[in-house]
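What follows is a single structure, written as structure tokens, with notes after it.
The values are calculated or read from the model by the stated rules, or taken from the named source; none is laboratory data. Remember, predicted model here, so these are calculated numbers, not experimental data. Here the Cβ positions follow ideal geometry from the backbone for every residue, glycine too, while neighbour counts run over all protein chains shown.
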Amino acid sequence: MFAKPKSPSFLSRPPAPRGGRFDMRAATDKMVEVFKKPYVAPLTAGTAFVLVVVAFLNLAGDPDAASQSVRINLHKTPEAKTPPPRSGAGEAAEGETFTLDSLGLFGETPPDSFNLDQSGQTGEPASGTVITLPGDGSDAVISPGPRAARTPLVQSPVNGLVQTTNSGPLPMISPAGLTPASAYARPFRSDGRPFVALIVGGLGLNPVATRQAIDELPPEVTLSFVPYTQGLQGWIDLARASGHEVIIEVPMQPANYPESDPGPQTLMANGKSDELQTKLAWSLSRATGFFAVSNYQGSAFLKDKAGTQTFMSVLKSRGVAFIDDGQARGLQGAWSRASADRVIDSQINAQAIQAQLAGLETTAKNRGSALGTGFAYPVTVAVALRWTQSLDAKGIQLAPASAVLHQ
């Protein structure tokens, strides 16, 4: 019924071309005759295959294959369990579960990068962390054998510095005037040389990256934890037992919210004062033992004059310092303040991170001190560790972040 009707022109061969018009049928027949000759078809097919392979390699090859990079060779070990929180530490409210994927924090972190024991408690670090850095002619073992013994910081909570609430323990100034900003900071004494401090943040959500930062980085490096972390108090206790002072990150509204959402406890620009205080209290009550808080994002919130005034006033009344990543430079308040001079891994590659760390050295020599901050990417930790090992030879002292605080 729907078949195409036959016609004489369909059944018969078309007439020969006239006046030099192109004859498609003749050209096709001629091409068929050419391909019937020996070797023509195989050679043509082989050439086409080579061209396809070359095009594929150009499109799918690694554009950074010739770039300098960091390579970390580490032993594969069983996955560790997160240390359980100590009694008294607040936990995230039911239903507020966050993963690495939801916050986008550790998309590039290998799952088996570091040596952990089954319990998640203190153990020996990997015995052969090998990295290749720009300018190096060969691999270098940066953590050979067991690490040296470290002096633990005072165990938290310190008497008089905790207000017990239904949501968890809140920091407070003791009746004698002792503050969390001073009691939980790592002791530091300048030896007269310029000094640099470094904060490594985003810790707690990824047990592997967190454990490596605690075990591998020098105790002078300050560690910053995400408040949504399950078992946060256990991680903070472990960090302080290893000599690291600790910061808690307060989620704040970024300019591209809600495309980038720091979670339900985010301090929102133009938020009501009581709502801001409630959310801030939630972050502050997740654990004890931190001397300061820092901003997690916040490009929108930190421009809200009323909101930041409420935020800083609460911190000042509770004796807690505020250290920002450079976005809140000039903002006064809190118990004490500092702003980072550089974010060392705004570009996540070894050469760029090394350049930022070199800039910190220059600032320290010119001004006497400098503060950098970065995220716990494997490349950041690897480059930072190598850098800290070179500071003495450059006449620079490594200091905790609390050493740059001012009131």
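Would you check if ALA287 is assigned to a loop (DSSP other than H, G, I, E, B), closer than 22 Å to THR179 by Cα and of a type in the set (A, V, I, L, M)? Give the steps one after another, and end with the answer.
Numbers: assigned to a loop (DSSP other than H, G, I, E, B): yes; closer than 22 Å to THR179 by Cα: yes; of a type in the set (A, V, I, L, M): yes.
Considered against the rule, which asks whether it is assigned to a loop (DSSP other than H, G, I, E, B), closer than 22 Å to THR179 by Cα and of a type in the set (A, V, I, L, M), ALA287 comes out as yes.
How many residues are under 15 Å from GLY202 (Cβ atoms) and in contact with a helix residue (DSSP H, G or I) (Cβ under 8 Å, 6 or more places away or on another chain) if we restrict to the stretch 233-248?
First, pick out the residues of the stretch 233-248 that are under 15 Å from GLY202 (Cβ atoms): 235-236, 239, 244, 246-248.
Okay, now just the ones that are also in contact with a helix residue (DSSP H, G or I) (Cβ under 8 Å, 6 or more places away or on another chain), so 235, 239, 244, 246-248.
Going through the stretch 233-248 one residue at a time, the tally reaches 6.
For residues that are of a type outside the set (A, V, I, L, M, F, W, C) and in contact with a His (Cβ under 6 Å, 6 or more places away or on another chain), tally how many sit in the stretch 190-233. It would help to see each step written out before you state the result.
First pass over the stretch 190-233, keeping only residues of a type outside the set (A, V, I, L, M, F, W, C): 190-194, 201-202, 204, 206-207, 210-212, 215-216, 218-220, 222, 224, 227-231, 233.
So of that shortlist, the ones also in contact with a His (Cβ under 6 Å, 6 or more places away or on another chain) come out as 219.
Residues meeting the conditions: 1.
Return the residues of the stretch 328-342 that are out of contact with any Gly (no Cβ under 6 Å at 6 or more places or on another chain) and either buried (at least 17 other Cβ atoms within 10 Å of the Cβ) or closer than 14 Å to ILE247 by Cα (or both); say none if nothing qualifies.
Restricting attention to the stretch 328-342, the residues satisfying the condition of being out of contact with any Gly (no Cβ under 6 Å at 6 or more places or on another chain) are 328-334, 336-338, 341.
Result: ALA328, LEU331, GLY333, ALA334, SER336, ARG337, ALA338, ASP341.
What pairs can you find where one residue is in the stretch 354-368 and in a helix (DSSP H, G or I), the other is basic (Lys, Arg) and surrounded by 16 or more Cβ atoms within 10 Å (Cβ to Cβ), and their Cβ atoms are less than 8 Å apart, with a gap of 6+ or different chains?
Listed pairs, sorted by first residue: GLN356/ARG342; GLY359/ARG342; LEU360/ARG342; THR363/ARG342.
Cβ contacts < 7 Å: first residue crowded, with 24+ Cβ neighbours inside 10 Å, restricted to the stretch 279-306; second residue aromatic (Phe, Trp, Tyr) and modelled with pLDDT of 95 or more, any location; separation 6+ or different chain. Result?
From the stretch 279-306, the pairs are GLY289/TYR184; PHE290/TYR184; PHE291/TYR184; ALA292/PHE322; VAL293/PHE322.
Would you point out which residue out of VAL196, VAL226 is under 13 Å from the mean Cα position of the chain (by Cα), in contact (Cβ under 8 Å) with a residue 12 or more places away in the chain and buried (at least 22 other Cβ atoms within 10 Å of the Cβ)?
On the way: VAL196 fails: under 13 Å from the mean Cα position of the chain (by Cα).
Within the list VAL196, VAL226, the selection yields VAL226.
Consider GLY263 carefully, then state whether it is small (Gly, Ala, Ser), within 30 Å of VAL158 (Cβ to Cβ) and buried (at least 24 other Cβ atoms within 10 Å of the Cβ). Let's see the steps before the verdict.
On the way: small (Gly, Ala, Ser): yes; within 30 Å of VAL158 (Cβ to Cβ): yes; buried (at least 24 other Cβ atoms within 10 Å of the Cβ): no.
Criteria not met by GLY263.
Please work out which residue is modelled with the highest pLDDT, limiting yourself to the stretch 319-354 and to residues that are touching a Ser or Thr at 6+ places or on another chain (Cβ under 8 Å) and of a type in the set (Lys, Arg).
ARG342
Please determine, by comparing only the residues of the stretch 292-341 that are part of a helix (DSSP H, G or I) and among the basic types (Lys, Arg), which one is nearest to the chain's Cα centre (by Cα).
Step one: filter the stretch 292-341 for residues part of a helix (DSSP H, G or I), giving 301-303, 305-317.
With among the basic types (Lys, Arg) added as a condition, the list becomes 303, 305, 316.
Details: LYS303: 24, LYS305: 28, LYS316: 28 Å.
Here the answer is LYS303.
So which helices (runs of 4 or more DSSP H) stay within the stretch 159-264 end to end and still have 3 or more residues that are more than 30 Å from ILE396 (Cβ to Cβ)? Before the answer, list the steps.
Numbers: elements: 180-183, 207-216, 232-241.
The qualifying helices (runs of 4 or more DSSP H) are 232-241.
If you scan the stretch 350-362, which residues turn out to be surrounded by 18 or more Cβ atoms within 10 Å (Cβ to Cβ) and of a type outside the set (Asp, Glu)?
Pass one, the stretch 350-362, residues surrounded by 18 or more Cβ atoms within 10 Å (Cβ to Cβ): 350, 353-354, 356-357, 360-361.
ALA350, ILE353, GLN354, GLN356, LEU357, LEU360, listed by residue number.
Taking the condition modelled with pLDDT of 95 or more, surrounded by fewer than 19 Cβ atoms within 10 Å (Cβ to Cβ), touching a Lys or Arg at 6+ places or on another chain (Cβ under 9 Å) and of a type outside the set (Lys, Arg), does ALA269 pass?
Numbers: modelled with pLDDT of 95 or more: yes; surrounded by fewer than 19 Cβ atoms within 10 Å (Cβ to Cβ): no; touching a Lys or Arg at 6+ places or on another chain (Cβ under 9 Å): yes; of a type outside the set (Lys, Arg): yes.
When the stated conditions are applied, ALA269 does not pass them.
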